[in-house]
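Nothing in this text is a laboratory measurement; each read-out follows from the coordinates by a stated rule. Quantities reported herein were computed from a predicted structural model and do not represent experimental measurements. Cβ atoms come from the backbone with ideal geometry, glycine included; neighbour counts cover every protein chain shown.
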Amino acid sequence: MAQFGLIGLAVMGENLALNIERQGFSVAVYNRTAEKTDSFISQRADGKDIVATYSPKELVAALERPRKILLMIKSGAPVDAVIEQLKPLLEEDDIIIDGGNSYYEDTARRSRELQATKVNFIGMGVSGGEIGALLGPSMMPGGNKDAYEVVKPILTKVAAQVEDSPCVTYLGPGCAGHYVKMVHNGIEYGIMQLIAEAYDLLKTGLGFNHQQLHEVFSAWNTTQELNSYLMEITADIFQYIDPQTKNPLVEMILDAAEQKGTGNWTVISAMDLGVPVPTIMTAVNARIMSAYKEERVKASQVFDGVSGRYQGEGFVDKVRDALYCAIACAYAEGMALLKAASQERQYHLNLSEVARIWKGGCIIRAEILKPMQQIFQAQPDLVNLLLAPYFKEAILSRTAAWREVITVATQLNIPVPAMSASLAYFNSYRRDRLPQNLTQAQRDYFGSHTYHRIDQPGTFHTEWTQVDAESLQTGTAD
Ligand code: NBP
């Protein structure tokens, strides 16, 4: 009898099966298309403690009880379909884990539906891509706590290990795990866009070639502020030469970013909860804008584009500082969103633990998560990371550079939407009075939406004009 079951043998499933087996657990696998199972078993799984099964029924029969079955299949309808196939086959205390990028509302629904059955359900975000799946991902499980305790010995071994602690923890009930994974991806969108902007500033604003870009990003990756997986792979990418054209491959890639929806979901949830996430939101917008390739090419023939090169000194270090501040904002926005969602939806998230399990295995793993983990450990109720003395000092010492980089970019017509949005986030957050008093006045003027005053309690409405009913009816209000 196998100790663990896995459904779905695409890149993630295959690698997770190999990882789980390497940690000493026997695995039974099933994939809808049998040829994939056969090629996996005869090649990558050859000689390993992994057995093939060819139907959900056969898989269930091959597993010891309580059965633990991880789904690594395309999110959406396929997950519902497979759960429906498994439900009648499973018994008391068996566990289904959905490890795909499922929409958190789907996970919440599945959790509710399965609560009414004997089957336990865990919705688990998995980050780290295919390499992480093979070598140790960051895993974000939520749902049935007792079921998590049953799979914990396996997950803690399979996860990335950082400073002797595995990058997995029980996050909360229902869809807490998939919600955290979604916000992880939102932060990922933000950081990727910010790095793209830094690349553009150095390449277009300073005229750096790919060797120089490689050197700058490699050097940044050695700093405490910017050391991270995304910085590391960016440095690598600049060195890769296209075998066909002998150009750096990155310059041969179409500048139209695609997306699978997690950034979008993050922004929609943030707007629903009333949490500002401008860096993340702008990153989603930037991908959308990039996809307007043909229209942009036409517009570039109508309007002037980039105007010259930056001639000043020390710009590379200023871009590094701006990048650090903006990345800190992306994390601050994401953490603030998690805090609000946790309160609203009763996830009981421990943000220090979230920072801890993101330190290894996942795409946003970075040195910056270490202070975050400590800050939230010391101050679990901190409302925004930017208020922590550590980040206050780190940002204030770099604000001049941050401002200057955006000023230079604006003068050169180099778009830096996420960097600008993050500075605006910081500047808005630190203002005690914003101009939305005027917005409230306008709303009351045209729609009688009322307003609050700064000098007395209560709700107020003003007749802003002296237009009488008769003139309105005759359409002479203007
Ligand atoms: P895909 O997301 O490409 O899904 C392919 C798998 O889903 C195949 O095994 C396929 O079986 C199976 N499948 C489909 Br499609 N419809 C099915 C159905 N109706 N019933 C049963 N199986 C069905 O695979 P992936 O890229 O390995 O990702 C798996 C999950 O992990 C996804 O939710 C993804 O978003 C998430 N994820 C991916 C990454 C990554 O880097 N790729 C990272 C983190 C999370 P078939 O062989 O019969 O078509």
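Among the helices (runs of 4 or more DSSP H) lying completely within the range 360-433, list those that include at least 3 residues that are more than 30 Å from Q311 (Cα to Cα). Write out each step before concluding.
Working: elements: 369-378, 389-396, 399-412, 417-429.
Those helices (runs of 4 or more DSSP H) span 369-378, 389-396.
Note down all Cβ pairs under 6 Å where the first residue falls in the range 7-35 and is under 21 Å from V60 (Cβ atoms), the second is near the ligand (Cβ under 6 Å from one of its atoms) and of a type in the set (K, R), and they're at least six residues apart or on different chains.
Hits for this filter: L9/K36.
Say we look at the range 246-262 and pick out the residues that are farther than 16 Å from V297 by Cα and not in a helix (DSSP H, G or I); which of these is farthest from the ligand (Cβ to nearest atom)?
Residue satisfying both the conditions and the ranking: K246.
Let me confirm something: among K318, K339, K359, which residue is crowded, with 18+ Cβ neighbours inside 10 Å, of a type in the set (K, R), in contact with a Cys (Cβ under 7 Å, 6 or more places away or on another chain) and in contact (Cβ under 8 Å) with a residue 40 or more places away in the chain? Write out each step before concluding.
On the way: K318 fails: in contact with a Cys (Cβ under 7 Å, 6 or more places away or on another chain); K339 fails: in contact with a Cys (Cβ under 7 Å, 6 or more places away or on another chain).
After ruling out the rest, the residue left standing is K359.
Going through the range 263-281 one residue at a time, which ones are in contact (Cβ under 8 Å) with a residue 24 or more places away in the chain and more than 16 Å from the ligand (Cβ to nearest atom)?
Looking only at the range 263-281, we keep the residues that are in contact (Cβ under 8 Å) with a residue 24 or more places away in the chain, and these are 263, 265-267, 269-270, 273-281.
Those that are in contact (Cβ under 8 Å) with a residue 24 or more places away in the chain and more than 16 Å from the ligand (Cβ to nearest atom): V267, S269, A270, L273, G274, V275, P276, V277, P278, T279, I280, M281.
Kindly list, by first and then second residue, each pair from a residue in the range 129-145 that is closer than 12 Å to S111 by Cβ and more than 8 Å from the ligand (Cβ to nearest atom) to a residue that is in a strand (DSSP E or B) and aromatic (F, W, Y), limited to pairs with Cβ atoms under 9 Å and residues at least 6 apart or on different chains.
G143/F121; N144/F121
Could you please give the count of residues in the range 115-128 that are within 16 Å of the ligand (Cβ to nearest atom) and either closer than 17 Å to R65 by Cα or in a helix (DSSP H, G or I) (or both)?
So the count comes out to 2.
Looking at (1) crowded, with 24+ Cβ neighbours inside 10 Å; (2) more than 16 Å from the ligand (Cβ to nearest atom); (3) closer than 19 Å to E21 by Cα, can you tell me which one A176 breaks?
Against the list (1) crowded, with 24+ Cβ neighbours inside 10 Å; (2) more than 16 Å from the ligand (Cβ to nearest atom); (3) closer than 19 Å to E21 by Cα, A176 comes up short only on (3).
Given the range 1-114, what helices (runs of 4 or more DSSP H) lie entirely inside it while holding 2 or more residues that are closer than 21 Å to D146 by Cα?
Per the criteria, 77-86.
Give the residue that is farthest from E149 (Cα to Cα), with candidates limited to residues of the range 115-130 that are among the small types (G, A, S) and under 27 Å from the mean Cα position of the chain (by Cα).
Result: G129.
State which residue is farthest from the ligand (Cβ to nearest atom) when the search covers only the range 3-42 and only residues that are surrounded by fewer than 22 Cβ atoms within 10 Å (Cβ to Cβ) and among the hydrophobic types (A, V, I, L, M, F, W, C).
Applying the filter and picking the extreme gives F25.
Could you check L226 against (1) over 27 Å from A341 (Cα atoms); (2) assigned to a helix (DSSP H, G or I); (3) touching a residue at least 12 places away in the same chain (Cβ under 8 Å) and say which number it fails?
Single failed check for L226: (2).
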